[in-house]
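Notes follow the structure.
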């Protein structure tokens with residue numbers, strides 16, 4: 001916590017005495033500033049403890065002091081330190097009355113306490129608070145990393161929610177909720193799908209604040225931050241965090257650490273992606289050549305039980321038929337506004353890339369394995385027959401065809 005007027009009053013070396021506003025000493029002090037100007041307000045930013053000796057003030061005139069103190073309060077000054085034994089032997093009653101009337105804490109500064117000592121105390125308090133925040137941030141980063149390694153994104157979200165004293169949610173590229181922490185945050189996270197979609201339209205990295213907070217019990221009272229995850233043209237995922245108020249320094253460190261870790265887990269290296277695509281292409285060629293046993297041996301456990309279960313091969317081309325998919329039972333997805341339709345509506349000139357993104361997201365949500373192999377101007381997909389990826393492909397096709405009409 002940053003230094004407060006109360007912490008300065010309790011500082012044994014300063015010997016400050018409260019003369020007014022004793023019930024408002026818990027306010028943070030951003031800085032201590034000495035000024036003898038009759039009107040120091042133009043040089044104030046708010047949050048200061050103003051230190052004066054009243055050399056250029058008629059501190060015994062009630063009207064003058066009322067105007068002076070009123071302007072200080074209007075400028076956001078949080079306290080007034082009045083040095084005695086310099087120009088005035090004690091604080092004039094007019095100053096005390098004006099401070100009490102405006103609710104401004106008034107501190108008596110004894111002659112043996114230089115203003116510099118107060119400034120140093122405030123500076124030391126600010127530095128200590130920043131050090132605590134950085135230390136807490138490093139501790140949070142270690143805990144988030146440990147959770148990410150041991151329990152994956154779900155564990156990381158749980159740790160992040162605890163660090164920020166709020167909730168966290170992870171979305172896939174289509175805007176669908178993948179995981180939340182705590183579990184009760186699922187309904188709140190689901191209401192932000194449209195906001196995640198808008199964030200997805202912006203170049204990565206992107207962020208947005210939804211709501212101002214307020215400490216209520218419903219979602220409208222949350223202050224929600226949205227952050228895109230990924231380093232490519234299209235964000236691969238998004239993170240939302242909800243809190244009752246704006247994040248502090250330590251919480252901000254934790255959030256940034258979570259964004260970096262989640263980006264690492266969702267955005268694999270280009271070399272790894274290329275290697276997996278080459279392996280997937282080899283597996284697909286073996287299957288089409290009638291060598292399923294060799295394909296299973298090469299794939300190992302990379303595609304789970306996909307090669308053992310009934311599967312469907314989908315071929316999509318970007319020429320005359322931008323998206324094509326074999327079907328057995330007709331258009332079961334007609335009339336639905338789905339993640340596939342949303343992604344299809346915004347292909348950014350790359351329908352095959354958008355389709356691949358849509359299928360991978362649908363398969364990930366359903367816990368299915370899927371093999372996606374780009375081949376020049378077409379995309380070859382191996383997916384569980386009747387599974388979510390095939391359904392998403394059909395929805396995508398309908399959305400694209402509908403946009404042509």
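Read the figures in this text as sums done on the coordinates, not as results from a lab. Every value quoted in this text rests on a predicted model; they were computed, and no experiment measured them. Note that each Cβ is placed from the backbone with ideal geometry, even for glycine, and that neighbours are counted across all protein chains shown.
Of note:
- Two-site FRET efficiency, residue 162 against residue 93, from Cβ-Cβ distance with R₀ of 45 Å, rounded to 0.05: 0.30
- Gain on full extension, evaluated as 0.36 nm per residue between residue 209 and residue 128 minus their Cα-Cα distance, stands at 26.2 nm.
- Helix axis angle, 270-288 relative to the chain longest principal axis, alpha carbon, degrees: 20 degrees
- Taking label positions 7 Å along the Cα-Cβ direction at both residue 278 and residue 139, the computed distance is 4.7 nm, reported to one decimal.
- Counting only alpha carbon atoms, the long axis of helix 115-164 and the longest principal axis of the chain meet at about 20°.
- A simple packing score, the average count of other Cβ atoms within 10 Å per residue, orders the peptides 360-367, 115-122, 74-81 as 74-81, 360-367, 115-122, with the highest score first.
- FRET efficiency for the pair residue 183 and residue 146, taken as 1/(1 + (r/R0)^6) with r the Cβ-Cβ distance and R0 = 22 Å, rounds to 0.55.
- Most fluctuating residue given options 378, 187, 112, as computed from a GNM of the chain linking Cα atoms under 10 Å: 112
- The range 134-266 shape via C-alpha gyration tensor axes, a/c threshold 1.5: rounded
- Gyration tensor verdict on the range 75-118 (Cα atoms; rounded if a/c is under 1.5, prolate if a/b is larger than b/c, oblate otherwise): oblate
- Estimated at 0.36 nm per residue, the fully extended path between residue 37 and residue 101 surpasses their Cα-Cα distance by 20.8 nm.
- Dividing the mean sequence gap of close Cα pairs (under 8 Å, 6+ apart) by how many residues the chain holds gives a relative contact order of 10 percent.
- Span from the the range 164-200 Cα centroid across to the the range 101-153 one, whole angstrom: 32 Å
- Length added when fully stretched, residue 56-residue 252, from 0.36 nm per residue minus Cα-Cα: 66.2 nm
- Fraction of C-alpha pairs exceeding 13 angstrom in the range 1-69: 71 percent, rounded to a whole number.
- FRET efficiency, residue 308 to residue 194 (Cβ-Cβ, R0 51 Å, nearest 0.05): 0.85
- Nearest 10 degrees, 0 to 90: helix 93-102 Cα axis against the chain principal axis: 20 degrees
- Spatial separation of Cα centroids for the range 355-370 and the range 27-60, in angstrom: 62 Å
- For the chain, the spherically averaged projection of the C-alpha convex hull amounts to 26.2 nm².
- Overall size of the range 40-79 from C-alpha positions, given as principal axis extents largest first: 26, 17, 16 Å.
- Treating each Cα of the range 1-144 as an identical point scatterer and summing with the Debye formula, the log10 of I(q)/I(0) at q = 0.12, 0.15, 0.18, 0.19 Å⁻¹ comes to -0.47, -0.70, -0.97, -1.07.
- When the chain is treated as a Gaussian network with alpha carbon springs shorter than 10 Å, the biggest mean-square fluctuation among 102, 357, 143 belongs to 102.
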